[in-house]
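Read the structure below first, then the notes.
The values are calculated or read from the model by the stated rules, or taken from the named source; none is laboratory data. Quick caveat, the model's predicted, so the values are computed rather than measured. In this analysis, Cβ positions are derived from the backbone assuming ideal geometry, glycine residues included, and neighbour counts consider all displayed protein chains.
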Amino acid sequence: MSSAHKDFWYRTLFKLRIYEASGTGFQSLFNSLMQYSMQGFQSVSPWGNWGDGGNDGWCQSENRYFQVYGQGATTKSNPVQAVTKAVVDFDKLKVKWPSVERYHFVYNDRYGGIPAPIGGILQDLGILKTDSCR
């Protein structure tokens, strides 16, 4: 099998995994991929009242934090809920994990594109939080 054919099948199988992943399954898939691809990546599980502190995974050496959002399999995409989660979790993250230098909101769009409100609010969040942290 040629390299081009292998690439095609790898990409197709990856897309299938993304389509199939929902909710915590998407977060598990993300964590597995990050552990393979980023040295030092550590997934975070909720713990009691403390929860996960807005942190689903991080790389301590880079002060890089990830928040993962994957709606349920039968749940329609809800941009307002996703944006609210991003903002609320970012605020928790800054309090409970104060060494944040890089923040990533990972959203399973199932190859449909991220809804505009999510991009706009995340862009505003980056501008507002960066200015307030200086």
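Of note:
- Qualifying residue in region 35-50 (condition: in contact (Cβ under 8 Å) with a residue 40 or more places away in the chain, within 20 Å of residue 107 (Cβ to Cβ) and surrounded by 14 or more Cβ atoms within 10 Å (Cβ to Cβ)): no
- Against the numbered list (1) without any contact (Cβ under 8 Å) to a residue 60 or more places away in the chain; (2) surrounded by 14 or more Cβ atoms within 10 Å (Cβ to Cβ), residue 76 comes up short only at (2).
- Of all residues in region 19-54, those that are assigned to a helix (DSSP H, G or I) and more than 13 Å from the chain's Cα centre (by Cα) total 8.
- Hey, residue 123 within 25 Å of residue 11 (Cβ to Cβ) and either touching a Pro at 6+ places or on another chain (Cβ under 9 Å) or outside any strand (DSSP E or B) (or both) or not: no
- Odd one out for residue 81, checked against (1) closer than 17 Å to residue 22 by Cα; (2) modelled with pLDDT of 90 or more: (2)
- Only listed residue being modelled with pLDDT of 90 or more and of a type outside the set (Phe, Trp, Tyr), chosen from 71, 39: 39
- Hey, residue 30 within 17 Å of residue 105 (Cα to Cα), modelled with pLDDT of 95 or more, surrounded by 12 or more Cβ atoms within 10 Å (Cβ to Cβ) and in contact with a Cys (Cβ under 9 Å, 6 or more places away or on another chain) or not: no
- All positions within region 2-57 that are touching a Lys or Arg at 6+ places or on another chain (Cβ under 6 Å) and at positive phi: 53, 54
- Residue match in region 55-63 (condition: assigned to a helix (DSSP H, G or I), modelled with pLDDT of 85 or more, polar (S, T, N, Q) and surrounded by fewer than 13 Cβ atoms within 10 Å (Cβ to Cβ)): yes
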